């Protein structure tokens with residue numbers, strides 16, 4: 001291996017390590033800003049304190065994302081007083097965002113991250129990319145991808161967080 005290849009490999013390794021260290025960890029406070037909805041209103045995690053906030057970075061071209069969508073709709077419908085689902089349209093054209101907002105806007109809160117700047121603050125590297133923020137505003141769970149096997153884990157985590165929060169409120 002020549003000298004330049006060794007130096008370049010070292011830079012790639014260091015940049016990947018630095019990028020990995022930026023990843024949100026369980027218990028971290030995630031970025032508050034989640035974009036703007038179809039009406040242009042700012043959406044922030046802090047507006048939903050006391051609820052679980054399920055944030056999913058999503059794109060219309062992503063097959064697993066499209067499979068995840070009914071799960072997210074059912075989740076929002078089943079516990080609107082305990083959960084707020086925010087779907088972030090990731091790196092797609094404004095026309096696509098408008099179309100999605102019209103199609104799905106009454107079912108889920110949808111925001112737009114055209115340039116990927118919001119995703120960058122969450123260290124999004126694949127789609128779908130789901131973050132569950134607990135009732136205190138801390139990252140409780142993170143899942144990349146979607147499949148039948150992930151549903152059980154996600155539902156288990158959500159139920160556990162709801163039960164723990166209910167117990168904490170009862171003891172106060």
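The values are calculated or read from the model by the stated rules, or taken from the named source; none is laboratory data. The shown structure was predicted, so the numbers you read here are calculated from the model rather than taken from an experiment. When we count neighbours, we look across all protein chains shown, and the Cβ atoms used for this are built from the backbone with ideal geometry, even at glycine.
Remarks
- Residues in region 66-82 that are in contact with a strand residue (DSSP E or B) (Cβ under 7 Å, 6 or more places away or on another chain) and closer than 15 Å to residue 128 by Cβ: 3 in all.
Condition check ((1) at pLDDT 90 or above; (2) surrounded by fewer than 19 Cβ atoms within 10 Å (Cβ to Cβ)) across all residues:
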site: 119; (1), (2): yes, yes
site: 122; (1), (2): yes, no
site: 143; (1), (2): yes, yes
site: 158; (1), (2): no, no
site: 164; (1), (2): no, yes
site: 167; (1), (2): no, yes
site: 171; (1), (2): no, yes
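- Complete set of residues in region 78-96 that are outside any loop (DSSP other than H, G, I, E, B) and free of Cβ contacts under 8 Å to residues at least 24 places away in the same chain: 78, 94, 95
- Boolean, residue 131 is touching a residue at least 24 places away in the same chain (Cβ under 8 Å), within 28 Å of residue 162 (Cα to Cα) and within 10 Å of the chain's Cα centre (by Cα): yes
- Test: residue in region 10-30 that is at pLDDT 95 or above and surrounded by 16 or more Cβ atoms within 10 Å (Cβ to Cβ): yes
- Within region 102-117, the set of residues being surrounded by fewer than 21 Cβ atoms within 10 Å (Cβ to Cβ) and assigned to a loop (DSSP other than H, G, I, E, B) comprises 105, 106, 107, 114, 115, 116.
- Subset of region 124-136 (residues that are in a loop (DSSP other than H, G, I, E, B) and buried (at least 17 other Cβ atoms within 10 Å of the Cβ)): 124, 127, 128, 134, 135
- Filter result for residue 113 (touching a strand residue (DSSP E or B) at 6+ places or on another chain (Cβ under 9 Å), under 19 Å from residue 51 (Cβ atoms) and touching a residue at least 24 places away in the same chain (Cβ under 8 Å)): no
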